[in-house]
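Peer 1: Quick one: structure below, then a few questions.
Only the coordinates and a few stated rules stand behind these numbers; no lab work does. What you see is a predicted model; the values in this text were computed from it and never measured. All Cβ positions, even for glycine, are placed from backbone atoms using ideal geometry, and neighbour counts span all protein chains on display.
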Amino acid sequence: MRAAEPPATDDSAEADPVAVAREIALRQLTVRARSRAELARALARKQVPEAAAKTVLDRLAEVGLVDDEVFARDWLAAGDRRQRSRRALLAELAEKGVDRDVAEAAAGELDSERDYAVARAYAERKARGLGRVEPAARYRRLAGALARRGFPAPVVAQVTREVLDDLPDFDEVEDSVD
């Protein structure tokens, strides 16, 4: 945890709200890419005047540091690593303030085949820890995990059946332990 920064000793912070807004926005962008709306909310939380916030956000967009289209594409591309469904990723973008049309355009490349592949990879990894669990509980746990990641019901049912069919039966696991 970082120590609190000492308050400014001069009036520069009050004299130049644009400089304060720029500093806040650049710190936010140092951590990770952000949508314009996320940065606007961060500036509002720090009580930066709207005019200063707009000036800084416009300048950051002009130089390419803030671009919701690029942000949406990058967020969706990282969705495979986070193993989320298309629907869940679109909900995350909406939460981050990305315009629905921009998010939909970026998600245009994602299809049901992608959802199936991501769900299958996640389920296979998750199922490794279910070998000693009773079959009914396996199904519930695996289907629940997939549903919480936003996968559609048909994908959840298909992937759960396929992955569990590949696992040894509960009785076989019990026999091999004895």
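Peer 1: Taking the Cα of GLU69, stepping 7 Å toward and past its beta carbon, and measuring to each backbone N in region 98-117: which are under 15 Å?
Peer 2: Under 15 Å, as judged by backbone N against the label point of GLU69, lie 99-109 of region 98-117.
Peer 1: Scale the Cα Rg of region 68-109 by the rule-of-thumb value 2.2 N^0.38 Å and send over the ratio, two decimals.
Peer 2: That works out to 0.96 for region 68-109.
Peer 1: Same structure, new question: Measure off 7 Å from each Cα along the Cα-to-Cβ vector at ARG114 and ARG27, then give the distance between these two points in nanometres to one decimal.
Peer 2: Label at ARG114, label at ARG27, 3.5 nm between them.
Peer 1: Dividing the Cα convex hull volume of region 53-178 by residue count, how many Å³ per residue is that?
Peer 2: Considering the Cα atoms of region 53-178, their hull volume per residue is 114 Å³.
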